[in-house]
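Data first, discussion second: the structure below is written as structure tokens.
The values are calculated or read from the model by the stated rules, or taken from the named source; none is laboratory data. Because the structure is a prediction, the values reported are computed rather than measured. For neighbour counting, all protein chains shown are included, and Cβ atoms are generated from backbone atoms with ideal geometry for every residue, glycine included.
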Amino acid sequence: MVGAHNLNEDEDSQRRHDIEQVILHEDYRYPQHNDIALLRVRGSIQFNEFVKPICVDASVFPSGTLCYVTGWGTTEPDIDKSQYCNLVLSHLVVVVILY
């Protein structure tokens, strides 16, 4: 699904795409360690005012850089992740910390 903001509503901006491949982070461990994946979709995604590609600088982000993180996952550490999903797209501003 691209172009979605609220998963409880059918929005004109939403477009569904079949997933061809899921690529999990090689060090993913349930429920939160390296909780990120790439999705390869069948066909192509049409970009518009609601759907845009992400921009990733090829250089390393220095410690202290502010970044946006978006998703429908939880932002609370003590919630049972297997039973929880935000229905409205959330975003956080986080600081990159290199360790």
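Does residue 54 qualify as being modelled with pLDDT under 80, part of a loop (DSSP other than H, G, I, E, B) and not hydroxyl-bearing (Ser, Thr, Tyr)?
Values: modelled with pLDDT under 80: yes; part of a loop (DSSP other than H, G, I, E, B): yes; not hydroxyl-bearing (Ser, Thr, Tyr): yes.
The answer is yes for residue 54.
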Specify the residue that is surrounded by the most Cβ atoms within 10 Å (Cβ to Cβ); the eligible residues are those in the stretch 1-33 that are under 20 Å from residue 46 (Cα atoms) and either without any contact (Cβ under 8 Å) to a residue 12 or more places away in the chain or in contact with a helix residue (DSSP H, G or I) (Cβ under 8 Å, 6 or more places away or on another chain) (or both).
11
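Return yes when residue 68 is among the hydroxyl-bearing types (Ser, Thr, Tyr), within 17 Å of the chain's Cα centre (by Cα) and either under 23 Å from residue 95 (Cβ atoms) or modelled with pLDDT of 90 or more (or both) and no when it is not.
Values: among the hydroxyl-bearing types (Ser, Thr, Tyr): yes; within 17 Å of the chain's Cα centre (by Cα): yes; either under 23 Å from residue 95 (Cβ atoms) or modelled with pLDDT of 90 or more (or both): yes.
Yes.
Every residue, every condition in (1) modelled with pLDDT under 85; (2) polar (S, T, N, Q); (3) farther than 22 Å from residue 97 by Cα, yes or no:
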site: 1; (1), (2), (3): yes, no, yes
site: 8; (1), (2), (3): yes, yes, yes
site: 16; (1), (2), (3): no, no, yes
site: 27; (1), (2), (3): no, no, no
site: 34; (1), (2), (3): yes, yes, no
site: 39; (1), (2), (3): yes, no, yes
site: 42; (1), (2), (3): no, no, yes
site: 60; (1), (2), (3): yes, no, no
site: 76; (1), (2), (3): yes, no, no
